[in-house]
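Report on one structure; see the data block that follows.
No lab work stands behind these numbers, since they all come straight from the coordinates. None of these values were measured; they are calculated from a predicted model. So basically every Cβ, Gly included, is an ideal-geometry build from the backbone, and we count neighbours across all protein chains shown.
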Amino acid sequence: MRLIVHDLAEQEYNTWLKGFSRDTDEVIGEEETIRHCVGCFGCWVRTPGTCVLKDSYTHMGERLAACEEFVLITRNVYGGYSPFVCNVMNRTLPYILPYFITRNGETHHQQRYERQFRFTVHFYGEGMTGAECGTAQALVKANALNLDASDYSVSFHDSVHSLKEVQ
Amino acid sequence: MRIALVNGSPKGKSSNSGVLLEKLKPLISEGNELSPYRVNVKPLKPEQYRELNEADVLVLAFPLYFDAVPSHLLRMMVEMEEFRQQKPGNPDLTVYALINNGFYEGHQCTIAADIVRNWCSRCGFRFGMAVGHGAGEMLSSLSRVPLGKGPMKNLGRALDQLSGAILTRSSRDSLFIQPNFPRIAWRLSATYSFWHPQAKKNGLRPKELRKQPFSGEL
């Protein structure tokens, strides 16, 4: 199963990307209000593995643990994800453990689950600068390391339409 | 000059970003007007965007979330860019970033600093420099240690550089530092002095922190 998180309006997704997702995929768009992670660490020390904020994104940790591929479709915003996709990403904190390990000489989090997923990110937007693309590449690589993804890929698209070709 | 100090911690109470700003304040206060702002889950008001847009210096202090800027602060940055497109504001506004991360190594703040730099390019701000500090969760317990002493030695040096850049509104190389405290001691204290007592406070045993709510069944 693929877990696809995107920041497109519902109609836009249906028009351009309906063929992108398959019946078995879980698709998360900005259809309901999402709360911001408040850095309370409740998902680590109160209800381990589950966020304490009550909304439709409470179970992002479990949903991430259930997927084989984690796909983000996001506008490139200053070399990172768009606010909604970033918000969903922040809410996946319960997927990992508070404890640390040293990997490649750096501190990272230990994994809550033994399984791994592939991490695929499609950035779109007109006029992305070289600096924004470089930062975005580095961000996905760093996130893949922290989430212990089995592998990762990053691609850039001038428009959402071109995503149709990579499904 | 007017310096806007933006605390971008989502926490409602005291925060590590707040500790860093408090350490910076005395170094830049003389002859300048310091204006504090708090960006958390509550958005800024239109008049606050106007004030930020007209400031001479903006210092953004925030915690690292997933190697980047936390989503509530990112929303504010996007709003600010839109505001700037409508009202040009101060053409010489210079931005400095003060980032803290939960890992040990300060250099893990590099990508977030680049995001702030890219935001400056989009908004027509000047990017001054960033200071990225590791072991951010230690900051509150070290808040009474004088800058430049013991575990705050590196932070003291970095804030000297940062305040020097702010006072001259110049750009300098960013600095990524960690406390003068051994990594292994920091890691052990995180487990035994922070996570385990927190678990106990919530009636959980340490091994329950490893709970896996997803059982493998869909």
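For chain B, what's the relative contact order in percent, using C-alpha pairs closer than 8 Å and at least 6 residues apart? Show your work: numbers first, answer last.
On the way: 375 pairs, mean separation 40.1, N = 218.
Taking the mean separation of contacting Cα pairs over the length of chain B, I get 18 percent.
For peptide A:100-111, what's the mean number of Cβ atoms from other chains within 10 Å of each residue's Cβ?
The shielding value for this peptide is 3.
Please list the helices of chain A that count as membrane-span-like by this rule: a mean Kyte-Doolittle hydropathy of at least 0.0 together with Cα atoms stretching 18 Å or more along the helix axis, each helix being a complete DSSP H run.
Long hydrophobic helices here: A:130-146.
Principal axes first, then extents: for the Cα atoms of chain B, list largest minus smallest coordinate on each axis, whole Å, largest first.
Here the Cα extents, ordered largest to smallest, are 55, 49, 26 Å.
Angle check, please: helix B:153-168 long axis (alpha carbons) against the longest principal axis of chain B (alpha carbons), in degrees 0 to 90, nearest 10.
Computed tilt is about 20 degrees.
Find the Cα radius of gyration of the stretch B:110-218, compare it with 2.2 N^0.38 Å by division, and give the number to two decimals.
1.48
Using only Cα atoms, find the angle between the long axis of helix B:16-28 and the longest principal axis of chain B, and express it within 0 to 90 degrees, rounded to the nearest 10.
In chain B, helix B:16-28 runs at an angle near 40 degrees to the longest axis.
What does the highest-first list of B:18-31, B:106-119 look like by mean Cβ count within 10 Å?
Highest mean packing first, the order is B:106-119, B:18-31.
May I ask for the angle, rounded to the nearest 10°, between helix B:110-123 and the longest principal axis of chain B, with both axes built from Cα atoms and the value confined to 0 to 90°?
Once rounded, the angle reads 30 degrees.
Over the residues of the stretch A:49-139, compute the C-alpha Rg and express it relative to 2.2 N^0.38 Å.
Compactness ratio reported: 1.20.
Using label points projected 7 Å from each Cα along Cα→Cβ, tell me how many nm separate B:LYS87 and B:ARG172, to one decimal.
About 3.2 nm separates the two model spin labels.
Run lengths n ≥ 4 of DSSP H only: what is the helix-derived mean residue ellipticity at 222 nm for chain A, with -39500 (n - 2.57) per run over all residues, to the nearest 500?
For chain A, the value works out to -7000 deg cm²/dmol.
Scale the Cα Rg of chain A by the rule-of-thumb value 2.2 N^0.38 Å and send over the ratio, two decimals.
Cα Rg divided by the expected 2.2 N^0.38 Å: 1.02.
With a ≥ b ≥ c the root eigenvalues of the C-alpha gyration tensor of the stretch B:59-150, is it rounded (a/c under 1.5), prolate (a/b larger than b/c) or oblate? Can you show the working numbers first?
On the way: a/c = 2.47, a/b = 1.93, b/c = 1.28.
In terms of gyration-tensor shape, prolate.
Average the reciprocal distances over every distinct pair of alpha-carbons in the protein assembly as shown, invert the result, and give the Kirkwood radius in Å.
Result for the protein assembly as shown stands at 21.5 Å.
Given the rule -39500 (n - 2.57) for each run of at least 4 DSSP H residues, summed and divided by the residues of chain B, what is its mean residue ellipticity at 222 nm, to the nearest 500 deg cm²/dmol? Mind dumping the intermediate values first?
Details: 7 runs with 81 residues, N = 218.
Helices in chain B give a 222 nm mean residue ellipticity of -11500 deg cm²/dmol.
Starting from the Cα-Cα distance between A:VAL52 and A:SER153, subtract it from 0.36 nm times their residue separation and give me the gain in nm to one decimal.
Length gained, A:VAL52 through A:SER153: 33.3 nm.
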